[in-house]
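See structure below.
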Amino acid sequence: MPLRNIKLTIEYNGTHYHGWQTQLPKLRTIQRTIEDKLKKILNEKIALIGSGRTDAGVHALAQIANFKTASSISLTKLQYALNSLLPPDIVIKKVEEVDLGFHSRFSAKSKVYRYIILNRSYPSAFLKDRVYFYPYPLDINLMRKAAILLKGKHDFRCFQLKDKIERDSIRTIKDIRIKKRGSFIYIEIEADGFLYGMARSIVGTLIEIGKGKAIDTKRLLKMKDRSLGGPTVPASGLYLVKIKY
């Protein structure tokens with residue numbers, strides 16, 4: 001059987017995982033959990049390639065991953081088998097066979113992340129670990145004005161958390177939208193890539209601006225100083241929404 005390249009669209013609640021990427025042997029990650037089930041189904045060791053890492057506690061509506069296999073299993077059977085073996089907080093939404101040259105990470109053009117804030121005086125018993133509860137008033141218009149200045153190609157070092165690997169900090173934010181619906185505020189960011197903690201650091205800074213703190217995002221980008229921005233908000237409110245190819 002010739003080698004096949006299989007693409008998975010994955011939904012998960014990241015609350016009980018140490019992020020997407022397999023790291024230390026004993027840490028429970030999304031990648032390792034799916035690889036273990038694939039090994040059982042296909043009877044071969046699988047190297048699952050994700051579109052990018054999501055941090056501990058971050059969720060995904062449509063994470064993309066691919067792997068190569070010599071198995072002739074049908075796509076329908078593979079999806080059913082995976083969903084029957086995986087824990088209920090990981091679901092395979094779609095299984096496709098793609099060109100051998102497709103790479104979940106390197107073929108991606110942009111990624112869309114969404115942050116959800118529950119902005120009211122009391123929390124939710126049902127949404128714990130799924131939104132960020134913020135009980136104080138926020139000025140959405142101030143947040144939108146500051147967010148517009150982040151669009152485009154910039155050095156986003158001021159929004160990067162300390163990383164184990166030195167990375168190029170130049171990224172392009174293609175779009176950033178802030179919407180308020182009832183008690184929920186949605187901040188959606190599309191970029192060609194994200195630095196470690198970048199989305200959550202941007203949201204934390206926008207919240208500080210929304211509550212009235214004078215932070216000039218244009219100056220912040222110029223100074224490249226993380227300490228001048230707002231705090232990094234919790235992972236619980238962050239969702240990987242879409243990968244664009």
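Structure summary
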item: Single residue of the stretch 32-57 satisfying the filter (of a type outside the set (Gly, Ala, Ser) and over 21 Å from residue 76 (Cα atoms)) that is modelled with the lowest pLDDT; result: 53
item: Qualifying residue in the stretch 70-85 (condition: in contact with a Lys or Arg (Cβ under 7 Å, 6 or more places away or on another chain) and either closer than 20 Å to residue 176 by Cα or not acidic (Asp, Glu) (or both)); result: yes
item: Number of the exception - residue 70 against (1) under 20 Å from residue 196 (Cβ atoms); (2) surrounded by fewer than 18 Cβ atoms within 10 Å (Cβ to Cβ); result: (1)
item: Near pairs, Cβ below 6 angstrom, 6+ apart or cross-chain, from the stretch 227-241 (under 12 Å from residue 55 (Cβ atoms)) to any residue that is polar (S, T, N, Q); result: 232/201; 240/54; 240/63
item: Filtered residue count, the stretch 58-97, keeping only those that are under 18 Å from residue 32 (Cβ atoms) and among the β-branched types (Val, Ile, Thr); result: 6
item: Unmet requirement for residue 106, which otherwise passes all of (1) over 20 Å from the mean Cα position of the chain (by Cα); (2) assigned to a loop (DSSP other than H, G, I, E, B); (3) farther than 17 Å from residue 234 by Cα; result: (1)
item: Residues (in a helix (DSSP H, G or I) and small (Gly, Ala, Ser)) located in the stretch 190-212; result: 199, 201, 204, 210
item: Yes/no for residue 12 being in contact (Cβ under 8 Å) with a residue 12 or more places away in the chain, in contact with a strand residue (DSSP E or B) (Cβ under 7 Å, 6 or more places away or on another chain) and surrounded by 15 or more Cβ atoms within 10 Å (Cβ to Cβ); result: yes
item: Test: residue in the stretch 32-45 that is farther than 23 Å from residue 188 by Cα and in contact with an Asp or Glu (Cβ under 9 Å, 6 or more places away or on another chain); result: yes
item: Total residues in the stretch 206-234, condition out of contact with any helix residue (DSSP H, G or I) (no Cβ under 7 Å at 6 or more places or on another chain) and either buried (at least 16 other Cβ atoms within 10 Å of the Cβ) or not small (Gly, Ala, Ser) (or both); result: 9
item: Subset of the stretch 160-186 that is in contact (Cβ under 8 Å) with a residue 60 or more places away in the chain, surrounded by 14 or more Cβ atoms within 10 Å (Cβ to Cβ) and under 18 Å from the mean Cα position of the chain (by Cα) - its residue that is nearest to residue 224 (Cα to Cα); result: 160
item: Residue list for the stretch 161-192, restricted to those being touching a helix residue (DSSP H, G or I) at 6+ places or on another chain (Cβ under 6 Å) and modelled with pLDDT under 95; result: 169
item: The stretch 213-240: number of residues that are within 15 Å of residue 148 (Cα to Cα) and either in the same structural domain as residue 54 (by TED's automatic domain parsing) or not in a helix (DSSP H, G or I) (or both); result: 2
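For every residue, the table says whether it meets (1) assigned to a loop (DSSP other than H, G, I, E, B); (2) in contact (Cβ under 8 Å) with a residue 40 or more places away in the chain; (3) among the β-branched types (Val, Ile, Thr); (4) not assigned by TED's automatic domain parsing to the domain that holds residue 34.
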residue: 124; (1), (2), (3), (4): yes, no, no, yes
residue: 141; (1), (2), (3), (4): no, no, no, yes
residue: 158; (1), (2), (3), (4): no, yes, no, yes
residue: 188; (1), (2), (3), (4): no, yes, no, yes
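Table: residues versus (1) out of contact with any helix residue (DSSP H, G or I) (no Cβ under 8 Å at 6 or more places or on another chain); (2) part of a helix (DSSP H, G or I).
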position	(1), (2)
21	no, no
39	yes, yes
45	no, no
61	yes, no
64	yes, no
94	no, no
101	yes, no
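The values are calculated or read from the model by the stated rules, or taken from the named source; none is laboratory data. Since the model is a prediction, treat every value here as computed from it, not as a measurement. Positions of Cβ are backbone-derived with ideal geometry, glycine not excepted, and every protein chain shown enters the neighbour counts.
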